[in-house]
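Have a look at the structure below, then the notes.
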Amino acid sequence: MALQEHKFFYQLFAHWNQLAEPDQKLVEHAVLAMGKAYAPYSKFKVGASVLLATGEIICGSNQENIAFPSGLCAERVALNYVGANHPEIEIDTLCIVAEGGLMPDEQLLSPCGACRQVMLESENRQKPPIRVIMVNQDQRTMIVLSVADLLPFGFGKQA
């Protein structure tokens, strides 16, 4: 049996202010959304912004619930809103920011498994890849060119 390999490319920036202006605008929207997060239990606030092909930006924030796991992550709030209200419009870019004590400042931000699957479903629905911008608590920023890079063996994805 041959050993297989999976590779993906990403860009890493020291700070999100090094991004192109349209991407900086997405980060700013995600930060504003993060300010609306309801995270009294984890103290980990997350904001997401979604750039649609029309130029419209949709935002979401994590919304916790004492009846865990009834809450939703910011990525799923924003993407489910897009799917419910704009299913015919393609998503260009998803931006995610976070702050709080759940992870060390130096650890690169990465979506949870459930969010990755929802992100992949959104990408599969529209066909073109969705760029993902992830801003770390220490402001380092990673960009991947496709959600599939974050979940190469997700449900519904061809091997």
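Each value in this text was obtained by applying a stated rule to the coordinates, not by laboratory testing. The shown structure was predicted, so the numbers you read here are calculated from the model rather than taken from an experiment. For neighbour counting, all protein chains shown are included, and Cβ atoms are generated from backbone atoms with ideal geometry for every residue, glycine included.
Among Ser70, Leu120, His86, flag the residue with its Cα farthest along the positive direction of the charge dipole of the chain, charges on Cβ as +1 for Lys/Arg and -1 for Asp/Glu.
Sorting the options by dipole projection puts first Ser70.
Take the alpha-carbon centre of segment 30-44, take the same for segment 100-118, and report the distance between them in whole Å.
Comparing the Cα centres of segment 30-44 and segment 100-118, I get a distance of 13 Å.
Once you mark the chymotrypsin sites (Phe, Trp or Tyr not before Pro) that are in a DSSP loop and have at most 14 other Cβ atoms within 10 Å, what is the longest gap between them in the chain?
That would be 42-152.
Under unit Cβ charges (Lys, Arg +1; Asp, Glu -1), what dipole magnitude, rounded to 20 debye, does segment 20-149 have relative to its Cα centre?
Here segment 20-149 has a charge dipole of around 280 debye.
Here are labelled values, (i) 130; (ii) 138; (iii) 159, and one is the computed volume of the Cα convex hull per residue in Å³ for what I pasted. Which one?
Label of the calculated value: (i).
Of the chain, which part is the longest with no trypsin sites (Lys or Arg not before Pro) in a loop (DSSP not H, G, I, E, B) and with at most 13 other C-beta atoms within 10 angstrom?
Looking at the chain, 44-159 is the longest stretch - no exposed trypsin sites (Lys or Arg not before Pro) with at most 13 other Cβ atoms within 10 Å.
Identify all lysines with a Cα-Cα distance to Lys127 below 22 Å; exclude those on the same chain that are fewer than 8 residues away in sequence.
Lys7, Lys157
Just from its helices, what would the mean residue ellipticity at 222 nm be for the chain, if runs of 4 or more DSSP H residues each count -39500 (n - 2.57) and the sum is divided by every residue, rounded to the nearest 500 deg cm²/dmol?
Here the helix-only value at 222 nm equals -8000 deg cm²/dmol.
Please report, in debye to the nearest 20, how large the charge dipole of segment 75-159 is about its Cα centre when each Lys and Arg carries +1 at its beta carbon and each Asp and Glu carries -1 there.
Charge dipole, segment 75-159, about its Cα centre: 280 debye, nearest 20.
Counting other Cβ atoms within 10 Å, keep those with at most 13, restrict to DSSP loop, and tell me which GluC sites (Glu not before Pro) in segment 50-156 are left.
Glu56, Glu88, Glu106
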